[in-house]
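The values are calculated or read from the model by the stated rules, or taken from the named source; none is laboratory data. What you see is a predicted model, and the numbers here were worked out from it, not measured in a lab. In this analysis, Cβ positions are derived from the backbone assuming ideal geometry, glycine residues included, and neighbour counts consider all displayed protein chains. SASA here: full protein model, heavy atoms, side chains in, ligands and nucleic acids out. Shrake-Rupley method; radii C 1.70, N 1.55, O 1.52, S 1.80 Å.
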Amino acid sequence: MDIRLVAEGPWRFRIERTGAMRVPGVVLAPRELLPDEPGDEALAQVAHVATLPGIVRASYAMPDIHWGYGFPIGGVAATDVGRGGVVSPGGVGFDISCGVRLLTAHVDRAALLRKLPVLMDRLDGLIPRGLGRGGLWHLAGRAQLHEILRGGARYAVEQGHGVPRDLDRCEDGGAVGDADTAWIGERALERGAGQVGSLGSANHFLEVQAVDAVYDEACARAFGLRPGLVCVMIHCGSRGLGHQICADHVRAMDSVMRRYGIDVPDPQLACAPVDSPEGRAYLGAMAAAANFARANRQLLADAARGVFRETTGTGLDLLYDVSHNLAKLERHADDGAARPLLCVHRKGATRALPPGHPGLPDGLRPFGQPVFVPGTMGTASYVMTGTTGNRAFDSCCHGAGRVWSRHRAHREMPAHRLRRELAGTGVAVRPVSWRSVTEEAPEAYKDVDAVVRASEHNDLGRLVARLVPLGVLKG
């Protein structure tokens, strides 16, 4: 496909419609954040997504865009359900409902630092992570796994893993209501059964942080943030269960696309109409995987609370938990009086509800939804909030975004050099293996400061606070 990229200003580009594209592509990033690795196909993926049946408005790419499976990571697209709009598992990804939750501690950085080594050692010994590995929750059997798939974080809290206030601060109240376990295969269930309460590997982490700067004092106060405050950020998803569900439903949709008259330029964009049996089956299974991910983060947060109580004598309060790999059925106010039902795919993108949205809890509604933008273990992360007038279906970036492939990171960043660099920053890193963590070296990612600036310039979100790492658990 011929990619014709046109600058619409210093902060965004348009990919002109060509060939089978039904809408333009819109890349919400300045030139320096555009993918430029040799052979990178992320921009072509933006154009490919624009060919999906029923797509409306544009195929969007967030400032942290990089090459993914089907959709680019950082891709957002909505299809009109009433006009044959499709759902594509590639628009959600393999790690369904991978997301971030942020907890605030009742202790400041200065008071924590002398206890940090002990705190990190105890977390290191407690939190399962790495490829495969077990989970914190040893389930009673397959019936309890189904309870988790239907009830998510709500079920976890009912079973004593957290407090009721946690659910008020979770997207969807801690559980997606339309989960249907009938469409989850046996292999997916097997993979998920032993992984509830585990980080996994790759870019997943549990990070102890401190608030380094506040940009919006009123909003930060409502979020419970202030300079020097210690926080805990958890990034993980649905583990092997979500991966298997994605793989199974990509195959199922690939086998029926011709029946629906669908032709896509990339087989990784396999899809089916939202209202078809295959579309409904995927959405039901995806919702169940999302509930698994919410329960997973709930277990990890509850474990971190216990370690903080033992080590510092203080607790942790959940600020918010939000997914960045999900497809949701939504209506948007700027789509005319009819407000059609849309299937909004967000892959490596966070929903960012605006101030006043009824889907937000009372304490957050005047300020918009918290958005968390993790950087790297050697730089910083950001808290943002949703804004009014976000044309990308109330979506925002989800992180720094890769610039190096994992193979290049292994090649260019020896473990001994990374260990020395991180020691120089004062960050206490507890990896499963230093060799595996080299693929997450800070140099492998975009400048997170530039990513959040681009997000703010494009009205995707508003800056609230900057967080710096103190200690990191990696898989």
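Taking the square root of 5 times each eigenvalue of the Cα gyration tensor, what semi-axes in Å does the equivalent ellipsoid of segment 11-150 have, largest first?
They are 39, 24, 14 Å, listed largest first.
Give the lysines reachable from residue 474 as a straight Cα distance under 21 Å; neighbours fewer than 8 places away on the same chain don't count.
Answer for residue 474, where 21 Å is the Cα cut-off: 115, 446, listed by chain and number.
Might you tell me the accessible area per residue for segment 203-246, computed with a 1.4 Å probe and given in Å²?
Ligands and nucleic acids excluded, the figure is 27 Å² per residue.
Dipole size in debye (nearest 20) for the chain around its Cα centre, Lys and Arg Cβ +1, Asp and Glu Cβ -1?
620 debye
May I ask for the net charge around residue 207, where only other residues with Cβ less than 11 Å from the Cβ of residue 207 are counted and Lys, Arg are +1 while Asp, Glu are -1?
Residues near residue 207 contribute +2 overall.
Could you tell me which residue out of 113, 188, 76 lies farthest along the dipole of segment 69-200 toward its positive end? Charges go on the beta carbon: Lys and Arg +1, Asp and Glu -1, centred on the Cα centre.
So the residue we want is 113.
Please state, to two decimals, what the Cα-based radius of gyration of segment 102-216 comes to when divided by 2.2 N^0.38 Å (N = residues).
Normalised Cα radius of gyration, segment 102-216: 1.28.
State the label only: which of (1) 37; (2) 31; (3) 67 corresponds to percent of Cα pairs over 33 Å apart computed from the shown model?
Label (2) holds the value from this structure.
With just the Cα atoms defining each centre, how far is segment 320-382 from segment 13-67? Give it in Å.
20 Å
Grab the eigenvalues of the alpha-carbon gyration tensor for segment 284-348, scale each by 5, take roots, and send me the semi-axes largest first in whole angstrom.
Equivalent ellipsoid of segment 284-348: 36, 15, 8 Å, largest first.
Rule-of-thumb check for segment 1-54: C-alpha Rg over 2.2 N^0.38 Å?
Relative to the rule-of-thumb radius for its length, segment 1-54 sits at 1.10.
Find the relative contact order for segment 405-475 and round it to a whole percent, using C-alpha pairs within less than 8 Å whose residues are 6+ positions apart.
44 percent
Amide H of residue 272: which non-local residues (sequence gap of 5 or more, or other chain) have their own amide H closer than 5 Å, using H built in the peptide plane?
87
Suppose a student asked you for the relative contact order of segment 59-181, using Cα pairs under 8 Å spaced at least 6 residues apart; what percent would you report?
About 12 percent, as a whole number.
By the scheme Lys and Arg +1, Asp and Glu -1, what is the net charge of all other residues having a beta-carbon under 9 Å from that of residue 76?
+2
Putting +1 on Lys and Arg Cβ atoms and -1 on Asp and Glu Cβ atoms, find which of 202, 160, 290 reaches farthest to the positive end of the dipole of the chain.
160
Tally Lys and Arg at +1 and Asp and Glu at -1 over the other residues with C-beta under 13 Å from the C-beta of residue 108: what net charge comes out?
Here the charged neighbours net out to +3.
Please report, in whole Å³, the volume per residue of the convex hull around the C-alpha atoms of segment 317-396.
In segment 317-396, the Cα hull volume divided by residue count equals 104 Å³.
Would you list, by chain and number, the aspartates and glutamates whose Cα falls below 17 Å from the Cα of residue 347, excluding same-chain residues fewer than 8 positions away?
Here the aspartates and glutamates satisfying the reach criterion relative to residue 347 are 41, 64, 95, 171, 266, 321, 330, 394.
With every protein chain present, what is the per residue accessible area of segment 27-174 (1.4 Å probe, Å²)?
In whole numbers, segment 27-174 has 37 Å² accessible per residue.
Roughly what % of Cα-Cα distances in segment 398-465 sit above 17 Å, to the whole percent?
Roughly 52 percent, rounded to a whole number.
Write down the accessible area per residue of segment 274-422 in Å², having rolled a 1.4 Å probe over the full set of protein chains.
On a per-residue basis, segment 274-422 sits at 31 Å².
How big is the charge dipole of segment 1-68 about its Cα centre, in debye rounded to the nearest 20, if each Lys and Arg gets +1 on its Cβ and each Asp and Glu gets -1 on its Cβ?
440 debye
Take every Cα pair under 8 Å in the chain that's 6+ residues apart, average their separations, divide by the length, and report that relative contact order as a whole percent.
Relative contact order, the chain: 22 percent.
Given segment 217-371, what whole percent of its Cα pairs are spread farther than 26 Å?
Here the tail beyond 26 Å accounts for 44 percent of pairs.
Hey, any idea what % of the chain's accessible area is carbon plus sulfur with a 1.4 Å probe?
C and S atoms contribute 50 percent here.
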